Amino acid sequence: MTDAPPRQPKLVVDGLAKSYGPVVALEPTRLDVQPGEFLTLLGPSGSGKTTLLQLIAGLVEPDAGRILIDGRDETRTPVHRRDIGLVFQHYALFPHLTVSENVGFPLRMRGCRARALAERVEAALAMVRLDHLKERFPRELSGGQQQRVALARCFVYQPSVILMDEPLGALDKKLREHMQIEIKRLHRESAATIVYVTHDQEEALALSDRICLMNHARVEQTGVPQEIYAHPRSAFAADFIGLSNIFRGRVERSAEGRPLLATPAGRFLFDGAAPGAEASLVVRPEHLTLEAEPKNGVAAPALNRVAGEVAELVYAGSETRVLIALPDGAVVTVRLAPDAALPRLGQPVTACWRPEAAVLVP
Amino acid sequence: MSLAATVPAVPARRWRPRFGPLWLAAPGFAFLAVFFLLPVAQLLGLSLEDPQTGALSATAYLRLLHVDVYLRVLGITFRIATLTALASLLLGYPLAYWLAQLPDRRRGRMILLVVVPFWTSYLVKTFAWMIVLGRTGLLNRVSAALGGPELDLLHNEAGVLIGMVHAMLPLAVLTMLPVMTGIDRRLGQAAGTLGAAPARSFWLVWFPLSMPGVAAAGLLTFISSLGFFIVPALLGGRHQTMLAQLVIVQIQEMLNWGFAGALAALLLVTALATCWLYDRVFGLSSLSGEPPRRRGGGRGLLRRLGLGLLGLAATASAALAEAVARIAGPGLRRRLLPGYVVLLLVFLVAPTLVVLPIAFTSSHFLEFPPPGYGTHWFEVYLSSPVWISATLRSFGVAFATALIATVIGGLGALALARARARWRGAVFAFFLAPMIVPRIVIAVGLFYLFAKLGLVATNLGLTIGHTVLALPFAFIAVAAVLKSYDWRLNQAAATLGANGLQALRLVTVPLIKGGVVAAFLFAFITSFDELTVAIFVSGGVTTTLPKQMWDDMILQLNPTLAAVSVVVFVVITAVLLGAERLRRSG
């Protein structure tokens, strides 16, 4: 995001790979994480993101590749000497220790003196606003509070890299959004380097400096959230992050020699170079508009159009999504502002978009 | 009540008895009240009566205090029970730890190496130790062959402790294991990422979390050892006489009910006091695998002390582990535990197997190795009317016991699962009580009751007595499957139109069938192998297999016993493996 000169990456994953018997859990993978960066590993279950996290943490031994932290090779370092922080999905708080004993645990392991330990525990608990509960046992806390203890236990010893494995997965939606803001604040205040695993694309977009999208045990695309959203490099990326209308077809040329994509839903103009003879055209629902009726022959010829019937109207508060069934059976989603006039169910409509609003992916 | 008073418009309804889930426990409550609570209470009452006048008197207890021998026996009993419990915990902990770390499937198979010795008849195990430890036994043969000294291991404290620990070790392991498998593996990973080396992670996280299991195992092994008499009677000498043996002598030879009652009271009070202490510290509910409730916050002095000691242990063992790894390489630590486990499993399983060749010996003596082989002793067994009638009676009584215990215990377990939370503790405690009260106390109490009812030396009396003892096992087996049973299925069945009974018959029973059959088989084994009640209740001609074995073992060891042992071992192991299979698939 910034133009700062390239620094030494905090964490380098260099060709890490892991298989369990015939099942490939992670293809050889390369990943650089900059100091202070918030990187999210995003992907569906089974995409290899948790395997990658466990490899970085040292809980699983890689078949190949190296892990560098601050330029040092840590591939064979046992977990407890790796100086990594890991926040577990189900918190993994020690049930027989109080909140402050839990948070003090990593300091104790590092031989911290009693006075300094107490001060740092105090500070960490203040940071997550739990200083009033420090004598409680974990089971006496709510889920959100337990997660904050887990965060404090991780931030308290300032590990080189903090890994978070779906830390908000067990919380309900409202609390999850609240904790996202909390984690963002902790990241800003501590300047920690964080690798975060989630399958929730909204969470990834909200939190990350960069997103590393994973699928089928390999990295699909890495980039800042805006870039991944606006310029997905595969149909999977387009489909997984945000809503997309995707048309698959062959690349042809129009009578005027302009490139276009011939799909079962129609022939569409596009901007830029085609990635191959076959391609998919991705159009975000917010880039589509409804044309109630063609304006007496002055319809802009540069627009792509699809015609169909309104199949469903989905009201979502801040917007309404119109699902249009095309003659070939495909469904196109259009996003309308809350004050827009809504079509009726079954009404024939035409949706259109400007060629430059769409992205062509392999 | 007050609600009804404020709403006078509603016509008052006649009170109807409601058949709530608690009623399901009623047969069990009634049965245990008559055949467990009453006889035990009666026995305690006898201890406070003057034998001649029937007036209230403390004579029996005074005698207990004033006669040297009895105090010595008391001391011996405590000493042996304590040593047995401690040794079982210390030896068993690493084995339980090893089992807990195994993947589920593999653990399921390996655990049989503990479960089979657990259910193997005490008589068979003790008989095997007599062959192994004797002056001309297996160990001394090996020692002589290696040019070693003659080992004196029978009829002394060493012999008793070996036999007792061998008998209690499986119980200790099987009690610790559920707590250990319940420890979240991720906690160890978390400790690792937070900077704890494996040795420290064990002492600071794993060990304290396994403590409730250790305490429960200590409780059960101590209480069971207190009332034990088979091992000390057969492997011990005059100086290893334990309390339960004294009770038997008082009844069988002196017919001194008052004094036997006082001894029984002593056993009972000790057992209950141990339970009470346990409950104060850990909470009895942790016996059923529920998380222990803890009183007070995180500031208790005892807790501080414990955590401090663990910290020291952690630091010391981490340093030790590091040193060992540096000197011997990392491989040694990885082989240490499996090596120990193998040795311990050999100790558990091997002695029983010694019986097998003896049963097929051609000799008239218990020589090892046998000079030749043949089936002579099985022929002796099969052609002996005494043995055969004892065998048939054991099968019949065991079958009846299993049937009754499964029905009563199963209904009790149903009550436990469905009753309101505040009743659960009472149901649980009541049905398990026969397991906590030393068997000898129950047996003597029943003997007194049956003598008045004319049930001594009857199959009915035996069946009733065995049912009291088998009830807890049947109850636990059914309660275990019901614990994981999803009662919303019954709600689903109800919304689909089934009434309560139909839902039970068509949904619940098919799903918990495995547990019910397992309950039957466990109750069967309990009865088939039961000796304590049989010693008193089965008289003269109506003897059971264990009673006949006991009589022979006291009078004269002979190879027929080995043949019978093999029969008993095979029957019990077969039934047991069937029960385990069902429990798993159920």
- Pull up all non-local amide H partners of A:TYR196: gap of 5 or more, or a different chain, and H-to-H distance under 5 Å with H placed in the peptide plane. A:LEU39, A:THR40, A:LEU41, A:MET164
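What translational D, rounded to a whole number of µm²/s, comes out for segment A:244-361 from Stokes-Einstein when the hydrodynamic radius is the Kirkwood one over Cα pairs, at 4 °C and 1.567 mPa s?
88
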- Which of the residue pairs A:LYS134/A:LYS174; B:LYS452/B:LYS513; A:LYS173/B:LYS483; A:LYS18/A:LYS184; A:LYS10/A:LYS174 have a Cα-Cα distance greater than 29 Å in the structure shown? B:LYS452/B:LYS513; A:LYS173/B:LYS483; A:LYS18/A:LYS184; A:LYS10/A:LYS174
- Note on the structure: Averaged over the residues of B:181-192, the number of partner chain Cβ atoms within 10 Å of each residue's own Cβ comes to 6
- For the pair A and B, total buried accessible area rounded to nearest 100 Å², probe 1.4 Å: 2300
- Task: Rounded to the nearest Å, what's the spacing between the alpha carbon centres of segment A:337-362 and segment A:133-191? Just the number, please.
- Result: 41
- Query: In what sequence, largest accessible area first, do B:GLU322, A:GLU256 appear using a 1.4 Å probe?
  - Reply: A:GLU256, B:GLU322
- Note on the structure: Over all Cα pairs of chain B, the Kirkwood radius sets Rh, and Rg/Rh then becomes 0.99
- Message: Using a 1.4 Å probe on the protein heavy atoms, what percent of the accessible area of segment B:375-586 belongs to carbon and sulfur?
- Response: 68
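State the percent of C-alpha pairs, over all pairs in the protein assembly as shown, separated by a distance greater than 48 angstrom.
For the protein assembly as shown, the share of Cα pairs beyond 48 Å comes to 45 percent.
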- Candidate residues B:ILE476, A:ILE84: accessible-area rank, largest first, probe 1.4 Å: B:ILE476, A:ILE84
- Run the 1.4 Å probe and let me know the accessible area of B:ARG106, rounded to the nearest 10 Å². 100
- Query: What are the GluC sites (Glu not before Pro) within segment A:121-202 that DSSP puts in a loop, where the Cβ has at most 15 other Cβ atoms within 10 Å?
  - Reply: A:GLU135
- Item | Qualifying aspartates and glutamates (Cα of each under 13 Å from Cα of B:LYS125; at least 8 residues distant if same chain) | B:ASP529
- All-pairs alpha carbon distance profile, segment B:369-462, 5 Å steps from 0, percent: 2, 10, 11, 14, 16, 13, 10, 8, 6, 5, 3, 1, 0
- Message: Within 10 Å of each Cβ in A:86-98, how many Cβ atoms from other chains are there, averaged over the peptide?
- Response: 6
- What chymotrypsin sites (Phe, Trp or Tyr not before Pro) in segment B:323-403 are in a loop by DSSP, with at most 16 other Cβ atoms within 10 Å of the Cβ? B:PHE365
- Let me know the whole percent of all Cα-Cα pairs from segment A:11-230 that are separated by more than 21 Å. 54
- Shielding by partners, peptide A:102-109 (average Cβ within 10 angstrom, other chains): 4
- Query: What ranking do B:142-154, A:234-246 get when scored by the average of other Cβ atoms within 10 Å per residue, highest first?
  - Reply: A:234-246, B:142-154
- Per residue solvent-accessible surface (Å²) - chain B, probe of 1.4 Å: 47
- Item | Accessible-area value, A:ASP131, 1.4 Å probe, nucleic acids and ligands omitted, Å² | 70
- Between B:ALA273 and B:THR53, take the C-beta separation as r, use R0 = 41 Å, and let me know the FRET efficiency to the nearest 0.05. 0.85
- Message: Considering only C-alpha atoms, what is the centroid distance from segment B:365-390 to segment B:166-201, in Å?
- Response: 46
- Query: So what J values fall out for segment A:83-95 if you push phi through Karplus, 6.51 cos²θ - 1.76 cosθ + 1.60 with θ = phi - 60°, rounded to Hz, Gly and Pro as x?
  - Reply: 6, 10, x, 10, 9, 8, 4, 9, 6, 6, 6, 6, x
- Query: Of B:HIS66, A:HIS80, B:HIS166, which has the most accessible area and how do the rest follow, probe 1.4 Å?
  - Reply: B:HIS66, A:HIS80, B:HIS166
- Return the calculated 222 nm mean residue ellipticity for chain B, to the nearest 500 deg cm²/dmol, obtained by summing -39500 (n - 2.57) across DSSP H runs with n ≥ 4 and dividing by the residue count. -23500 deg cm²/dmol
- Query: Which residue, A:HIS199, A:HIS90, A:HIS178, has the most motion in a Gaussian network model of chain A that connects Cα atoms within less than 10 Å?
  - Reply: A:HIS178
- Heavy-atom accessible area of segment B:37-93 with neighbours in place, 1.4 angstrom probe: carbon+sulfur share in percent works out to 72
- Task: Find how many whole Å separate the alpha carbon centroid of segment B:33-95 from the alpha carbon centroid of segment B:313-342.
- Result: 44
- Task: Heavy atoms only, probe 1.4 Å: what % of the accessible area of segment A:11-230 goes to carbon and sulfur, would you let me know?
- Result: 50
- Taking only the alpha carbons of segment B:446-586, the radius of gyration and the largest Cα-Cα distance, Dmax, both in angstrom, are 19.9, 67
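To the nearest 500 deg cm²/dmol, what mean residue ellipticity at 222 nm is calculated for chain A from DSSP H runs of n ≥ 4 alone, each contributing -39,500 (n - 2.57), summed and divided by the residues? The partial results should precede the final answer.
Numbers: 8 runs with 84 residues, N = 362.
Helix contribution divided over all residues of chain A: -7000 deg cm²/dmol.
The values are calculated or read from the model by the stated rules, or taken from the named source; none is laboratory data. All values derive from a computational prediction rather than experimental measurement. All Cβ positions, glycine included, derive from the backbone under ideal geometry; neighbour counts span all protein chains shown. Calculation scope for accessible area: heavy atoms of the full protein, side chains included, ligands and nucleic acids excluded. Shrake-Rupley method; radii C 1.70, N 1.55, O 1.52, S 1.80 Å.
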